[in-house]
Amino acid sequence: MVTPATESALSVLFIGGTGVISAAAAELAVSRGHRLTVLNRGQSTLRSLPDAAESLTVDVRDPAMVAAALGERTFDVVVDFVAFTPEHVRADIAQFAGRTGQYVFISSASAYQKPPAALPVRESTPLHNPFWEYSRDKIACEDVLMAAYRDQGFPVTIIRPSHTYDRTQITLLNGWTDIHRMRTGQPVVVHGDGTSLWTLTHSTDLAKALVGLFGRSQAIGDSFTITSDEYLPWDAIYAEYARAAGAPAPRIVHVTSDAMAAANPEWSGGLLGDRSHSVIFDNSKVKALVPDFVCTTPVALGFRQAMAWYDAHPDHQVVDAELNATLDTLIEQHRLDTL
């Protein structure tokens, strides 16, 4: 007897496949009976591929190697999780035009207008981020892909996730360094006044919408926001992590985003171009096509899972000494400013 999963199985190619988003999507795609091929460099050991997935070890930036690995194969769905520049998507268009029924591009909700003129953010919100090159590159990728759709019928579907995490990810600005500071009773720095709203989505939840869009003809030539409907102010996010980590209530020091970016330019793009702005997203568009898209991992649970994973993997409990020093400097400056 043929199962419903087999009857609806699609041939799917993932470019990437072992990242936060792609690993969860791979697990779900295989569990739903899709025939999954994963093409990547085979260098990541943090997340494993499903046993049923076919693995092709290739440098994805070498078009000749990709072409040789794939031969004349065609796919119902191709998803590129590691396309970040217009050059990357142009290579994909050249490689997969006429060879896939759907090409899914992983863009970013950070591409939406910053600061947003209105909330919630919808697919109709303009794409404009003057603060972060990463976001501008994603916008440029979308422009190339939509031009290919209009001009030659390239079957693109664009998704825009926001901040997505799994058990191996600490979503705080300074990762484990912030957890260490809270566990040891040291103050932590939170940008602004700590009240800007932020949306965090667990990778297993995002996978439901992403995989649910596979093979949907209504999704061709269109874009979809995919996030959780849960949002919290940053102070509350730090407090949730403290609880999950068994730490005392966090001693929060608020510092302006501009001052933080000046102290550490590496914070600048993600902080000024994303985290410092309140974001609430309207997911009604993707839910109309994927009605079973319901997020079932709230941050309270997701953070506890992450703490359990890190406690079981002490080699990943890395405290960044340089970041620690920068945080101490900002905290001391704040203390002097408030005397």
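The values are calculated or read from the model by the stated rules, or taken from the named source; none is laboratory data. What you see is a predicted model, and the numbers here were worked out from it, not measured in a lab. A quick note on method: Cβ atoms are made from the backbone with ideal geometry, for glycine too, and the neighbour counts reach across all protein chains shown. Surface accessibility is based on the protein's heavy atoms, side chains included, excluding ligands, DNA and RNA. Shrake-Rupley method; radii C 1.70, N 1.55, O 1.52, S 1.80 Å.
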Taking region 165-210 and keeping residues open to solvent by less than 20 Å² (accessible area, probe 1.4 Å), within 26 Å of His313 (Cβ to Cβ), among the polar types (S, T, N, Q) and outside any loop (DSSP other than H, G, I, E, B) leaves Thr177, Thr201, Ser203
Residue hits (region 216-240; open to solvent by less than 10 Å² (accessible area, probe 1.4 Å), among the aliphatic types (A, V, I, L, M) and not in a helix (DSSP H, G or I)) are Ile226
Taking region 244-262 and keeping only residues that are surrounded by fewer than 17 Cβ atoms within 10 Å (Cβ to Cβ) and in a helix (DSSP H, G or I), one is left with Asp258, Ala259, Ala262
Here the qualifying pairs (Cβ atoms under 6 Å; residues six or more apart or on different chains; first in region 63-88 and within 17 Å of Phe154 (Cβ to Cβ); second open to solvent by less than 80 Å² (accessible area, probe 1.4 Å) and basic (Lys, Arg)) come out as Thr74/Arg99
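From Val89, Val82, which residue is open to solvent by 10 Å² or more (accessible area, probe 1.4 Å), in contact with a strand residue (DSSP E or B) (Cβ under 9 Å, 6 or more places away or on another chain) and hydrophobic (A, V, I, L, M, F, W, C)? Walk me through it before giving the result.
On the way: Val89 fails: open to solvent by 10 Å² or more (accessible area, probe 1.4 Å).
It is Val82.
In region 107-115, is there at least one residue being open to solvent by 30 Å² or more (accessible area, probe 1.4 Å) and of a type in the set (Lys, Arg)? Don't jump to the end; show me each part of the working.
Looking only at region 107-115, we keep the residues that are open to solvent by 30 Å² or more (accessible area, probe 1.4 Å), and these are 113, 115.
Going one step further and asking which of them are of a type in the set (Lys, Arg), we end up with none.
Scanning region 107-115 turns up no residue that is open to solvent by 30 Å² or more (accessible area, probe 1.4 Å) and of a type in the set (Lys, Arg).
Filter region 310-339 for residues that are part of a helix (DSSP H, G or I), open to solvent by 60 Å² or more (accessible area, probe 1.4 Å) and not aliphatic (A, V, I, L, M) and give the result. Before you say what the answer is, go through the steps one by one.
As a first pass, look at region 310-339 and keep what is part of a helix (DSSP H, G or I): 310-312, 314-316, 321-337.
In the following step, the residues that additionally are open to solvent by 60 Å² or more (accessible area, probe 1.4 Å) were identified as 311-312, 314-316, 321-322, 328-329, 332-337.
Those that are part of a helix (DSSP H, G or I), open to solvent by 60 Å² or more (accessible area, probe 1.4 Å) and not aliphatic (A, V, I, L, M): Asp311, Pro314, Asp315, His316, Glu322, Asp328, Thr329, Glu332, Gln333, His334, Arg335, Asp337.
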Residues in region 91-115 that are closer than 27 Å to His163 by Cβ and of a type in the set (Val, Ile, Thr) total 2
Scanning region 42-56 residue by residue, the ones that are exposed (fewer than 14 other Cβ atoms within 10 Å of the Cβ) and either more than 24 Å from Ala9 (Cβ to Cβ) or under 22 Å from the mean Cα position of the chain (by Cα) (or both) total 4
